[in-house]
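K.L.:
Got a structure for you, written out below as structure tokens; questions coming shortly.
Taken together, the values in this text are just the output of simple stated rules run on the coordinates, not laboratory data. Since the structure is predicted, the reported quantities are computational estimates derived from the model, not experimental observations. All Cβ positions, glycine included, derive from the backbone under ideal geometry; neighbour counts span all protein chains shown.
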Amino acid sequence: MNRASLVIALAASMVATVGCASKNYVRQQTTPIINKTNELDDLTAQNSKAIKDVDARAQAGIQDVNTRAAAADQKAQSAGQQAAQAQTSADNAVHRVDVLTDAVSNLDNYKIVTEAAVHFGFDKDF
């Protein structure tokens, strides 16, 4: 039985020494992982901040472009209205010129509508 108790004692001591890790060993093994995780967290925070900054600038740029596009559209509509008014005025002027041209050309083309004879008394001045 001595042998059995010796085998049990050796097995128990082996399990006790192999399965335990000291705090220093765990700290040595986890410190690089923790440092790398912290570094990646910092990079992620910087990237998130940069993305938000780019998004804010893009939104401001889009708003500026939309404002300028609306102003250009308003100016284009105003120019279109002015062009329509100018076309109407030009059409009216052409019509009036046509009427005046017809009137002037017909001044020399007169026709006798009626003929009348007026008789005056001899030696009378009224």
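K.L.:
May I ask you to derive the FRET efficiency for ALA21 and ASP41 from their Cβ-Cβ distance with R0 = 22 Å, giving the value to the nearest 0.05?
P.N.:
That gives a FRET efficiency of 0.25.
K.L.:
Over 5 Å intervals from 0, what percent of Cα-Cα pairs in the range 22-103 sits in each interval?
P.N.:
Per 5 Å bin, starting at zero, the Cα-Cα P(r) for the range 22-103 comes out as 3, 11, 7, 8, 6, 6, 7, 5, 6, 5, 5, 4, 4, 4, 3, 3, 3, 2, 2, 2, 1, 1, 1, 0 percent.
K.L.:
Just rank HIS119, HIS95, fewest to most, by other beta-carbon atoms within 10 angstrom.
P.N.:
HIS119, HIS95
K.L.:
Grab the Cα-Cα distance for SER78 and ASP98, subtract it from 0.36 nm times how many residues apart they are, and report the gain in nm with one decimal.
P.N.:
Full-extension gain reported as 4.2 nm.
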